[in-house]
Amino acid sequence: MLTRKICMIGDFAVGKTSLVERYVHSTFSEEYHTTIGVKVDSKLLELPSGDRLTLVLWDIAGTDRLATLDANYLQGATGYLLVADSTRRETLETAVGLQQQVESRLGPRPFVLLTNKQDLGEQLELNPDALRQLDSRGWHRVPTSALSGEGVEKAFAQLGQQLLAP
Amino acid sequence: MRQKAEKGPLARRTPRASNQDELEALKGLLLGEERRQLDQIDRRLTDPSLRAEDLADALPDAVRLRDQRDDELTEALEAPVTQCIDSAIRHNPENFARALYPVMGPAIRQSIANTLRGLVENINRTLEHSLSSRGLRWRLEAMRSGVPFGEVVLRHTLVYRVEQVFLIQPGSGLLMQHAADELAVGGDRDAISGMLTAITQFVRDAFAAGEGDALENIEMGDHTVLLVHGPHAYLAAVVRGIPPHGLREQCQSLLEQLHVHYKGLLEGFDGNPERLAPLQHRLEKCLISQQRESERRNRRSPILVLLGLLILGAFAWWSWNQWQEHRATQALLEREQALVSQLEKAPGVMLSEVRYGPTLRIRGLKDPLAPSVDPLLTNSGLQASQIDLQMRPYLDLDPSLIVERARRKLKPPPSVTLSLNRDRLILRGNADDAWVKHAHLAAPLLPGVNEVDDSALVSPDQYLLEEAKRRLAPLPEGVALAAHNGRLRLSGQAPLEWIAGSDKRLEGLPGLEGVDRQGLAPAEAAEYESLRSRIDQRALYFSDSGAELGDKQQPLLDALARELRRLQELGRTLERPFHVIITGRTDGVGAEAYNKALAEARARAIREQLVSRGVPPELLETRTRIEERPILDPQLRRVDLAIAPLQD
Ligand SMILES: Nc1nc2c(ncn2[C@@H]2O[C@H](COP(=O)(O)OP(=O)(O)O)[C@@H](O)[C@H]2O)c(=O)[nH]1
Ligand SMILES: [Mg+2]
């Protein structure tokens, strides 16, 4: 069975930590975040195909958007989740910029774009045209809500599938 | 072979023949046998089938030789052989099953035996420690922390134990291989590897350590994590207890060996720990432990200890019971003795036989006139079934019984009391002559009485007086008593309550014809009068033409309030209701209207002061008094008080 290091990438307060929390039953307390700035969790992912994969999720605590590009943080990552907050237009721009920088560091790696906080339906702010443009670039996009759980499993499974694809 | 090969160049130095065939022929002639051998060697070197044949001859010896020299061959063969077996099993499992069959049985048996042995050792250790005081302490600890007792024991008896070994990829923090002993606490190994890596990275960055510097030790509670770093992998050994000096070196050399022998696997690690499975048993070699020296030496058989404790327990139980029983009989005996001593003291009772035991046997005599002994029996604390008491009647000459018998026989009037002095019956009080005569005749016939003494008898009035004094005691001071022809006269002062209660006390006094109380006044009335006249004379002075009292008047107000409260109390007892008239006055200066208002204000001020000191307001009535002619007299700046009885 394979083990893969996955990084959570995105602007501050888009819901990276909340998504991980929603997805895994955490071994370490939230305190680690504030003390050493990183929290690592793991989750066994079972795909519909029957394949199994251990995801080791690295979530960084920085409120600085560049902090997520810390060299140690990205080192050895095989894929990443790019998170944007659907109620804050600028977080999508940040996500696009971060994606370019990560790719220049790691080379092409599988990733999924999560447009989070879908539960705040009436406040959604992301430009549908912009999203369509990203789709046309071949980006995998999953609307999520860490609050309701919507799309969370799906997003991780989507990434898992890409990681196993040859 | 070597020698023959060296002859090659020599041969080439022979004179050159004109033609090749000739030369060949010559060679055949000159070299003959050697040449044939050369050809043969040549063929063996170039022909693969012949080479394989050669290798086949040498291979077993070569493998044996290499194996004796070092482990290289084993390690080199490990992966391919594993793969071979793997593939063979996959393709033809039946063959393997058949081949393994004779091996599996014993292997399984041995594994079970090993497990059982471990279990038995654990039980022994647990038992051994269960029975000591320290064991109890550990048991408590186990209960508090929820950790199994066996593990708590291990924790305390171990010097150290390497519980887990992680082999981790430095950059990604991915777990490459892991080994844990059966007692290690689980947890998310992948997350732990990641966190360990994040922590090492954090420490390195935070302290800007130089190249090659890295976190080497993490300590928390009784755990230490030893970190040993290598280029393609680092090792984290989780140790419970105090890791010995050699442990780090041991880990270091293990990591080096891994880097030497599995360089390719480590370098090319792609997140698939199964590829590194061959490293597992090497990591497992690090899972070592050492027990505390003393724990091993001091090994008493737990069964013996248990037996000893059982015997001790049984003995303690027996002694306890004995003691309890002893205490119970002791208590019973004490109660029985107490009862007997009370019976012995009781008048009119003679004990002839006493036997202590589970039931108290008492035989004796009891005067029928003596008070019943039943109360003694019920208060003895013994149950009726524990007392076997039989009494026969007899005449007792105890003084109290002689007097009792005399009372029954002589039937004295209520005004007479009887008592005994030796054998003389004494008559006290008042009696008519006929009865006195009868007493003189009859009394000496009674057992224990020889004489009758009537010198203490008195006249009826005297008796009345003495008896009344006795009944009314203590007489209040100032009360006088007199008796005349059966009438009692009370005079003087006494509290109302006492006066009211005196009737009852005199009730049934023999020979009393009537009570005369004319001369008796309630003491409260006198106090009432004296208080009243004192208050009537009270006046409160104002220092200027205002309605404020001077400071010196305050104690006066306190006294006045106290007096008024007492007077009200007395008034209530005596049923003499009254009013207090507070009269405000002024000097003659000023207009009449002004003076009237001032006088009113003064009276009201005093009223309020008194009310605030607990005098009931309904008692207080304010008035004013204005001089008809203006008199310039500061003495008139005042308030007068007067008690006015209410007629209802
Ligand atoms: N309503 C809503 N709030 C969310 C969602 N995800 C995160 N949040 C909130 O957004 C804030 C930031 O989340 P956090 O996970 O700390 O963001 P991070 O900085 O990206 O790790 C927190 O107050 C979360 O409760 C979501 O899906 N819906
Ligand atoms: Mg966060």
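The values are calculated or read from the model by the stated rules, or taken from the named source; none is laboratory data. In this text, all values refer to a predicted model and were calculated from it rather than measured experimentally. When we count neighbours, we look across all protein chains shown, and the Cβ atoms used for this are built from the backbone with ideal geometry, even at glycine. We work out accessible area using only protein heavy atoms, side chains counted, and drop any ligands, DNA or RNA first. Shrake-Rupley method; radii C 1.70, N 1.55, O 1.52, S 1.80 Å.
Can you tell me which residue among B:638, B:602, B:623 is open to solvent by 40 Å² or more (accessible area, probe 1.4 Å), in contact with a strand residue (DSSP E or B) (Cβ under 7 Å, 6 or more places away or on another chain) and modelled with pLDDT of 90 or more?
None of the other options fit; the residue is B:623.
Anything in the range B:477-510 that is within 25 Å of residue B:415 (Cα to Cα) and of a type in the set (D, E, K, R)? List them, or say none.
Across the range B:477-510, the qualifying residues are B:487, B:489, B:503, B:504, B:505, B:507.
What is the one condition in (1) modelled with pLDDT of 90 or more; (2) within 11 Å of chain B (Cβ to nearest Cβ); (3) crowded, with 18+ Cβ neighbours inside 10 Å that residue A:72 does not satisfy?
Going through (1) modelled with pLDDT of 90 or more; (2) within 11 Å of chain B (Cβ to nearest Cβ); (3) crowded, with 18+ Cβ neighbours inside 10 Å one by one, residue A:72 breaks only (1).
Take residue B:565 and decide whether it is open to solvent by 20 Å² or more (accessible area, probe 1.4 Å) and either under 22 Å from residue B:544 (Cβ atoms) or part of a loop (DSSP other than H, G, I, E, B) (or both). Can you show your working first?
Numbers: open to solvent by 20 Å² or more (accessible area, probe 1.4 Å): yes; either under 22 Å from residue B:544 (Cβ atoms) or part of a loop (DSSP other than H, G, I, E, B) (or both): no.
So residue B:565 fails the test.
Residue B:381 passes all but one of (1) in a loop (DSSP other than H, G, I, E, B); (2) over 30 Å from residue B:360 (Cβ atoms); which number fails?
(2)
Modelled with pLDDT under 90, touching a Phe, Trp or Tyr at 6+ places or on another chain (Cβ under 7 Å) and open to solvent by 50 Å² or more (accessible area, probe 1.4 Å): does that describe residue B:478?
Working: modelled with pLDDT under 90: yes; touching a Phe, Trp or Tyr at 6+ places or on another chain (Cβ under 7 Å): no; open to solvent by 50 Å² or more (accessible area, probe 1.4 Å): yes.
Criteria not met by residue B:478.
Does residue A:46 satisfy being more than 9 Å from chain B (Cβ to nearest Cβ), away from ligand 1 (no atom under 12 Å from the Cβ), at pLDDT 90 or above and more than 17 Å from the chain's Cα centre (by Cα)?
Values: more than 9 Å from chain B (Cβ to nearest Cβ): yes; away from ligand 1 (no atom under 12 Å from the Cβ): yes; at pLDDT 90 or above: yes; more than 17 Å from the chain's Cα centre (by Cα): yes.
Yes: the conditions hold for residue A:46.
Being within 16 Å of ligand 2 (Cβ to nearest atom) and assigned to a loop (DSSP other than H, G, I, E, B) is the filter; apply it to the range A:146-166 and report the residue that is nearest to the other protein chains (Cβ to nearest Cβ). Show your work before the answer.
So in the range A:146-166, the residues within 16 Å of ligand 2 (Cβ to nearest atom) come out as A:146-147, A:152.
The next check asks that each one be assigned to a loop (DSSP other than H, G, I, E, B); those that pass are A:146-147.
Details: A:146: 19, A:147: 24 Å.
Here the answer is A:146.
Scan the range A:53-67 and give yes if some residue there is open to solvent by less than 80 Å² (accessible area, probe 1.4 Å), at pLDDT below 90 and away from ligand 1 (no atom under 11 Å from the Cβ), otherwise no.
no
Look through the range A:12-30, keep the residues that are within 13 Å of ligand 2 (Cβ to nearest atom) and modelled with pLDDT under 65, and return whichever of them is farthest from residue B:207 (Cα to Cα). Lay out the reasoning, then the answer.
Taking the range A:12-30 as the starting set, the residues that turn out to be within 13 Å of ligand 2 (Cβ to nearest atom) are A:12-22, A:26, A:30.
Remaining after also requiring modelled with pLDDT under 65: A:26, A:30.
Values: A:26: 29, A:30: 23 Å.
Result: A:26.
Cβ contacts < 8 Å: first residue closer than 18 Å to residue B:434 by Cβ, restricted to the range B:454-465; second residue among the polar types (S, T, N, Q), any location; separation 6+ or different chain. Result?
Listed pairs, sorted by first residue: B:457/B:430; B:458/B:430; B:459/B:430; B:460/B:415; B:460/B:430; B:463/B:415; B:463/B:430.
Evaluate the range A:110-122: report whether one residue or more is assigned to a loop (DSSP other than H, G, I, E, B) and under 21 Å from residue A:38 (Cα atoms).
The initial filter retains those residues of the range A:110-122 that are assigned to a loop (DSSP other than H, G, I, E, B), namely A:110, A:117-120.
Filter once more, keeping what is under 21 Å from residue A:38 (Cα atoms): none.
Scanning the range A:110-122 turns up no residue that is assigned to a loop (DSSP other than H, G, I, E, B) and under 21 Å from residue A:38 (Cα atoms).
Could you check, for the range B:108-129, whether at least one of its residues is modelled with pLDDT of 75 or more and under 30 Å from residue B:182 (Cβ atoms)? Talk me through it step by step, then tell me what you get.
Applying the first criterion (modelled with pLDDT of 75 or more) to the range B:108-129 yields none.
There is no residue in the range B:108-129 that is modelled with pLDDT of 75 or more and under 30 Å from residue B:182 (Cβ atoms).
I'm checking my understanding of the structure. Among residues of the range B:609-643 that are part of a strand (DSSP E or B) and in contact with a Phe, Trp or Tyr (Cβ under 6 Å, 6 or more places away or on another chain), which one is farthest from residue B:566 (Cα to Cα)? Don't jump to the end; show me each part of the working.
First, the residues of the range B:609-643 that are part of a strand (DSSP E or B): B:620-625, B:638-643.
Now narrow it down to the ones that are in contact with a Phe, Trp or Tyr (Cβ under 6 Å, 6 or more places away or on another chain): B:638, B:643.
Values: B:638: 24, B:643: 13 Å.
Taking the candidates together, the pick is B:638.
Filter the strands (runs of 3 or more DSSP E) completely within the range B:427-533 down to those with at least 3 residues that are in the same structural domain as residue B:405 (by TED's automatic domain parsing). Full working, then the answer.
Numbers: elements: B:451-457, B:479-484, B:487-494, B:514-522.
The qualifying strands (runs of 3 or more DSSP E) are B:451-457.
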